[in-house]
Amino acid sequence: RAGVAAVKTVRLRVTMREIMPRVQRVIDVPGAITLDELHEVLQVAIGWTDSHLHQFRTDDAVFTVPFEEWDDDDDDEVDERGVRLSALPTPFVYVYDLGDGWQHDVEVLGAGGDRPGCAGGQGACPPEDCGGAAGYADLLDALADPGHAEHEAMRTWVGDRLRPFDQEATT
């Protein structure tokens, strides 16, 4: 529509640590996005189900959503709500599921496209609750070897949760 300024986006590259085959997404997000909004975007972009706690970590601080048991005396934890992406140094780390400890390196690549969306990527998102990077590696080993003692149990457990990356669906 005439008179409506184009949305300015920032391009991010998000790479999961310690995962093979590599899981990576390149996404364009609104330049004014807040960390709580970015969390929601990352959940969709990677393929998580938003079933666990998360954090954004820099060398100086941990940004998260406070919960009832949050220790107010912890000076390193900052309420992420309302904090803009532009306030964080780059790169930073997005951690999802503090038990499994999925770590994602997030880099700001520069200006993005005309609209938010997924500009590229590779790799299937690991299934929730599979035990982090080591558990995922064990799962893939069991699935790849029909003679593995856990092959059938792991195939049943994982079901259809290992879907290949789909850029259009991610956008």
Which numbered condition in (1) touching a residue at least 40 places away in the same chain (Cβ under 8 Å); (2) farther than 18 Å from residue 126 by Cβ is the only one that residue 37 fails?
(1)
Could we say that residue 162 is part of a helix (DSSP H, G or I) and either free of Cβ contacts under 8 Å to residues at least 40 places away in the same chain or among the aliphatic types (A, V, I, L, M) (or both) here?
no
What are the pairs with Cβ atoms under 7 angstrom where one residue, in segment 82-95, is farther than 18 Å from residue 111 by Cα and the other, located anywhere, is polar (S, T, N, Q) and surrounded by 13 or more Cβ atoms within 10 Å (Cβ to Cβ)? Sequence gap at least six, or different chains.
82/34; 83/34; 93/103; 95/55; 95/103
Residues of segment 39-55 that turn out to be out of contact with any Lys or Arg (no Cβ under 9 Å at 6 or more places or on another chain) and not in a helix (DSSP H, G or I), as a count:
8
Would you say residue 150 is surrounded by fewer than 17 Cβ atoms within 10 Å (Cβ to Cβ) and free of Cβ contacts under 8 Å to residues at least 40 places away in the same chain?
yes
Could you please let me know if residue 63 is of a type outside the set (Lys, Arg), under 22 Å from residue 8 (Cβ atoms) and either touching a Gly at 6+ places or on another chain (Cβ under 6 Å) or buried (at least 16 other Cβ atoms within 10 Å of the Cβ) (or both)?
no
For segment 116-136, how many residues meet the condition of being over 18 Å from residue 54 (Cβ atoms), among the aliphatic types (A, V, I, L, M) and not in a loop (DSSP other than H, G, I, E, B)?
2
Residues within segment 95-115 that are in a strand (DSSP E or B) and within 17 Å of residue 10 (Cα to Cα), tallied:
7
Quick count over segment 27-56, residues being in contact with a Cys (Cβ under 7 Å, 6 or more places away or on another chain), open to solvent by 10 Å² or more (accessible area, probe 1.4 Å) and not aromatic (Phe, Trp, Tyr), is 1
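The values are calculated or read from the model by the stated rules, or taken from the named source; none is laboratory data. This is a predicted model, so every value here is computed, not measured. Note: ideal-geometry Cβ built from the backbone for every residue, glycine included; neighbour counts use all protein chains shown. Surface areas here come from the heavy atoms of the whole protein model, side chains and all, with no ligands, DNA or RNA. Shrake-Rupley method; radii C 1.70, N 1.55, O 1.52, S 1.80 Å.
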